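All remarks here apply to the structure that follows.
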Amino acid sequence: MVGGVTGRGDDGEQRAGTLADVSRVVVDVVLKPEISDPQGQAVLGALGRLGHDSITGVRQGKHFVLEVDGTPDEAELKQIAQTLLANPVIEDVELHLTTD
Amino acid sequence: MRIGVITFPGSLDDVDAARAVRLAGGEPVALWHADHDLKDVDAVVLPGGFSYGDYLRAGAIAARSPLMRDVVTAARHGLPVLGICNGFQVLCEAGLLPGALTRNSHLHFRNRDQVLRVERADTAWTADYGTGQRIVIPVKNGEGRYVAADDDLDRLEGENRVVFRYVDGNPNGSSRDIAGVASENGRVVGLMPHPEHAVEDLTGPSTDGLGFFTSVLKAAVNA
């Protein structure tokens, strides 16, 4: 599933000009909560050995930055995220539209 | 009988797969991932290796190659397809087989001779085995842990689509010891271990892998 999309109004209504100002789209991909993450667990183990006992969990994911020419098409971005950047069998994905 | 073997950038075991086809009595046909040409083959093998360096996810980019689009269409019409190791990962990524292959639970690359139990001897690639037969073929992977949602695993087992299970130790933490699965019609099979490395006494732990390639010759004839 595609998680929250930032860059829109709280009511889900597109703010005037928001998407047109976007040039960069960030896509974060993480393993679904029910899929075990041995890499995250190995990082957690290393943190414990370094004395960082306050850290109780680590989930490792992927971070993509897409440069977009023109106004991003949100439906197209969701499709890209779901069909290539993430494998929906094992991963959740979150889109962040940025305006810098 | 013409059996295609696809080479992707980063495939490693395409030559061994072609050799196994030849030893079984078939004619291996080299296929290139970037072509839109299946060359009228009667079946297809997706070999092991590290296509595209396992970038993004193992098999993910190869699954979107031009030739794979043709393989998906042909498989839906009954073309027998076998995915070995990276080939299995490609088939899952292409949506021809359910589930996904993830990092081994112990994080180590595991390379050893592996005992498998044949759970289904009526697929296009396993007809020359007996149900319940144990075979020994090499396994070698770093991302071979088969996973799917519990409901999907229940459905797979209910539909009798688990073709192989690991016996005497699960090398990668796969759910329910699953080593290989089949499509609904039993024509598409994927597994992590390598039958193409067990076709000659000189180089393999057994010749137990040969049955995959002799089975499909009959399946292709009967199709």
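The values are calculated or read from the model by the stated rules, or taken from the named source; none is laboratory data. Being a predicted model, the structure only gives us computed values, none of them experimental. We place every Cβ from the backbone using ideal geometry, glycine too, and count neighbours over all the protein chains shown. We work out accessible area using only protein heavy atoms, side chains counted, and drop any ligands, DNA or RNA first. Shrake-Rupley method; radii C 1.70, N 1.55, O 1.52, S 1.80 Å.
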inquiry  = Could you tell me which residue out of B:175, B:77, B:211 lies farthest along the dipole of the stretch B:2-222 toward its positive end? Charges go on the beta carbon: Lys and Arg +1, Asp and Glu -1, centred on the Cα centre.
reply    = B:175
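In square angstrom, what is the accessible area per residue of the stretch B:61-109 with a 1.4 angstrom probe? Don't skip to the answer; put the middle values down first.
On the way: 1610 Å² over 49 residues.
For the stretch B:61-109, the solvent-accessible area averages 33 Å² per residue.
How large is the charge dipole for the stretch A:46-98, taken about the Cα centre, if only the Cβ atoms of Lys, Arg (+1) and Asp, Glu (-1) carry charge, to the nearest 20 debye?
On the way: 4 positive and 9 negative charges, 85 e Å.
My answer is approximately 400 debye.
Can you give the charge dipole size of the stretch B:2-222 about its Cα centre, rounded to the nearest 20 debye, using +1 on the beta carbon of Lys and Arg and -1 on the beta carbon of Asp and Glu? All intermediate terms of the calculation are to be shown ahead of the outcome.
Details: 22 positive and 29 negative charges, 37 e Å.
That gives a dipole near 180 debye.
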remark   = Distance in Å, no decimals, from the C-alpha centre of the stretch B:154-210 to the one of the stretch A:22-52 is 30 Å
task = Identify all lysines with a Cα-Cα distance to residue A:78 below 30 Å; exclude those on the same chain that are fewer than 8 residues away in sequence.
result = A:32, A:62
note = Of the DSSP H helices in chain B, the ones reaching 15 Å or more along their long axis in Cα terms and averaging at least 1.0 in Kyte-Doolittle hydropathy are B:210-222
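Please list A:59-70, B:143-154 highest first by mean number of surrounding beta-carbon atoms within 10 Å per residue. Could you put the intermediate results ahead of the total?
Values: A:59-70: 12.4, B:143-154: 18.6.
In descending order of packing, they fall as B:143-154, A:59-70.
Using only protein heavy atoms and a 1.4 Å probe, how much accessible area in total is buried between B and A, to the nearest 100 Å²?
Working: alone 9050 and 6470 Å², together 14360 Å².
What B and A bury together is about 1200 Å².
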remark   = Of the accessible area of the stretch B:141-223, computed with a 1.4 Å probe and all protein chains kept, carbon and sulfur make up a percent value of 44 percent
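Calculate for chain B the 222 nm mean residue ellipticity that helices alone would give, adding -39,500 (n - 2.57) per DSSP H run of length 4 or more and normalising by residue count, nearest 500 deg cm²/dmol. Don't jump to the answer; show the numbers that get you there.
On the way: 5 runs with 51 residues, N = 223.
Counting only the DSSP helices, I get -7000 deg cm²/dmol.
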request  = Identify, among A:88, B:34, B:160, the residue whose Cα sits farthest towards the positive end of the charge dipole of the protein assembly as shown, taking +1 on the Cβ of Lys and Arg and -1 on the Cβ of Asp and Glu, with the dipole about the Cα centre.
outcome  = B:160
note = Non-local residues with an amide H under 5 Å from the amide H of residue B:179, with H modelled 1.01 Å from N and Pro and chain starts lacking one, are B:164, B:165, B:166
request  = Sequence neighbours fewer than 8 away in the same chain don't count; with that in mind, list the aspartates and glutamates whose C-alpha is under 13 Å from residue B:218.
outcome  = B:42, B:122, B:128
message = I'd like the residues of the stretch B:42-77 whose 1.4 Å-probe accessible area shrinks by no less than 10 Å² going from the isolated chain to the full set of protein chains.
response = B:56, B:57, B:64
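In chain B, what percentage of the DSSP-assigned beta bridges are antiparallel, given to the nearest 5? List each step's numbers first, then the result.
Working: 22 of 38 bridges.
Here the share of antiparallel DSSP bridges comes out near 60 percent.
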query = Using modelled amide H (1.01 Å from N, peptide plane; none on Pro or chain starts), what sits under 5 Å from the amide H of residue B:125, excluding residues fewer than 5 places away?
reply = none
message = About the Cα centre, and with charges only on the beta carbon of Lys, Arg (+1) and Asp, Glu (-1), how big is the dipole of the protein assembly as shown? Nearest 20 debye, please.
response = 800 debye
